[in-house]
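**Student:** Can you read through this structure? Questions will come right after.
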Amino acid sequence: MKIVVEKNAELLGLAAARNAAAILQAAIQTNGCARIVLSTGASQFEFLSAFIKQDVDWSKVEMFHLDEYVGLPETHIASFRKYLKERFVSQVPLKAAYFVNGEGDVENNIAQLSQELLKAPVDLGLIGIGENGHIAFNDPPADLEDASCYKVVHLNDRCKQQQVNEGWFATLDDVPECAISMTVQQILKCRHIISVVPNERKAEAVKNTLAQSPNAMVPATQLKTHPNWSLYIDSGAASQIILY
């Protein structure tokens, strides 16, 4: 486990972007290509802005999507497909981009996406941590044993409230009840994991992640079991922990 603390979200995003680029560059040099899983949300703004400017041969990079709401059209401001297309996919010439589609035949969408994901290992997962300690949309208590790639999950109220607070939805009732999420087991199969976690509102989640043993009530604690996990936090997110 590597912990990096920066003064603010901009410096945090730049430091994480440089590390992510180095991992992709090494994968491309070794294998001729690289695969990445990207998370979304307000916490990833500064990281993505810095990431798209890095010296990476994007034409050799395949991107996979971490999660998406069930039944939410791509035109909605909260759609993660919309988010990634606007902030990442349209900005770099990727080899391919594979999205989680929560519309239509959800089970078939999951099956097709899983088939693509299983073709080769993922070199890097950009996995954020939610205010309730979730990773992707695996809210507590998370299913730690599911060996599938993606699954439909129910969102808890604290997760929904975070989406409202970030401005993606007007009220709690507007947030969809369910989402498609990459499973905890699949996340941990990424060769490297980087978590970009800025802002004081994530301080409790960061404290719980670092202080507690791996458990289902704080799903992010599972990241500590990964041999190549890097946590990037700013002074706000680090405000409840003591680093030695």
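The values are calculated or read from the model by the stated rules, or taken from the named source; none is laboratory data. This structure is a prediction, so every number in the text was calculated from the model and none was measured. Neighbour counts are summed over all protein chains in view; Cβ atoms, including those assigned to glycine, are modelled from backbone coordinates with ideal geometry. With ligands, DNA and RNA removed, areas are computed over all heavy atoms of the protein, side chains included. Shrake-Rupley method; radii C 1.70, N 1.55, O 1.52, S 1.80 Å.
**Student:** Identify the residue in the range 11-39 that is without any contact (Cβ under 8 Å) to a residue 60 or more places away in the chain and under 18 Å from the mean Cα position of the chain (by Cα) and, among all such residues, is farthest from ILE242 (Cα to Cα).
**Tutor:** ALA21
**Student:** Here is a follow-up. Residues that are modelled with pLDDT of 95 or more and over 21 Å from TRP168 (Cβ atoms): find the strands (runs of 3 or more DSSP E) completely inside the range 57-111 holding 2 or more of those.
**Tutor:** Output list reads 61-65, 96-98.
**Student:** Could I ask something else about it? Would you mind telling me which numbered condition in (1) at pLDDT 95 or above; (2) open to solvent by 20 Å² or more (accessible area, probe 1.4 Å) ASN138 fails?
**Tutor:** In the conditions (1) at pLDDT 95 or above; (2) open to solvent by 20 Å² or more (accessible area, probe 1.4 Å), ASN138 misses (2) alone.
**Student:** In the range 227-244, what residues are without any contact (Cβ under 8 Å) to a residue 60 or more places away in the chain and either touching a strand residue (DSSP E or B) at 6+ places or on another chain (Cβ under 8 Å) or not hydroxyl-bearing (Ser, Thr, Tyr) (or both)?
**Tutor:** Across the range 227-244, the qualifying residues are PRO227, ASN228, GLY236, ALA237, GLN240, ILE241, ILE242.
**Student:** Regarding PRO121, is this residue farther than 29 Å from ALA27 by Cβ, assigned to a loop (DSSP other than H, G, I, E, B) and either at pLDDT 95 or above or touching a Cys at 6+ places or on another chain (Cβ under 6 Å) (or both)?
**Tutor:** No; evaluated as a whole, the condition is false for this residue.
**Student:** Please determine whether any residue of the range 85-98 is closer than 26 Å to THR221 by Cβ, in contact with a strand residue (DSSP E or B) (Cβ under 8 Å, 6 or more places away or on another chain) and open to solvent by less than 60 Å² (accessible area, probe 1.4 Å).
**Tutor:** No - not one qualifying residue is present in the range 85-98.
**Student:** Considering only residues of the range 156-178 that are acidic (Asp, Glu) and part of a helix (DSSP H, G or I), which is surrounded by the fewest Cβ atoms within 10 Å (Cβ to Cβ)?
**Tutor:** Among those that are acidic (Asp, Glu) and part of a helix (DSSP H, G or I), it is ASP173.
**Student:** Checking the structure you have, find out if any residue of the range 65-74 is without any contact (Cβ under 8 Å) to a residue 12 or more places away in the chain and either among the β-branched types (Val, Ile, Thr) or open to solvent by 10 Å² or more (accessible area, probe 1.4 Å) (or both).
**Tutor:** No, there is no match, as no residue in the range 65-74 is without any contact (Cβ under 8 Å) to a residue 12 or more places away in the chain and either among the β-branched types (Val, Ile, Thr) or open to solvent by 10 Å² or more (accessible area, probe 1.4 Å) (or both).
**Student:** List pairs: first residue in the range 94-119 and within 18 Å of ARG191 (Cβ to Cβ), second residue outside any helix (DSSP H, G or I) and of a type in the set (Asp, Glu) anywhere in the structure, Cβ distance under 8 angstrom, at least six positions apart or on different chains.
**Tutor:** Close Cβ pairs satisfying both conditions: LYS95/GLU62; TYR98/GLU62.
**Student:** Another question about this same structure. Answer with yes or no whether SER195 is at pLDDT 95 or above, out of contact with any Gly (no Cβ under 9 Å at 6 or more places or on another chain) and crowded, with 18+ Cβ neighbours inside 10 Å.
**Tutor:** When the stated conditions are applied, SER195 does not pass them.
**Student:** If I go through the range 186-244 residue by residue, how many of them are within 17 Å of SER43 (Cα to Cα), part of a loop (DSSP other than H, G, I, E, B) and touching a Pro at 6+ places or on another chain (Cβ under 8 Å)?
**Tutor:** Within the range 186-244, residues that are within 17 Å of SER43 (Cα to Cα), part of a loop (DSSP other than H, G, I, E, B) and touching a Pro at 6+ places or on another chain (Cβ under 8 Å) number 2.
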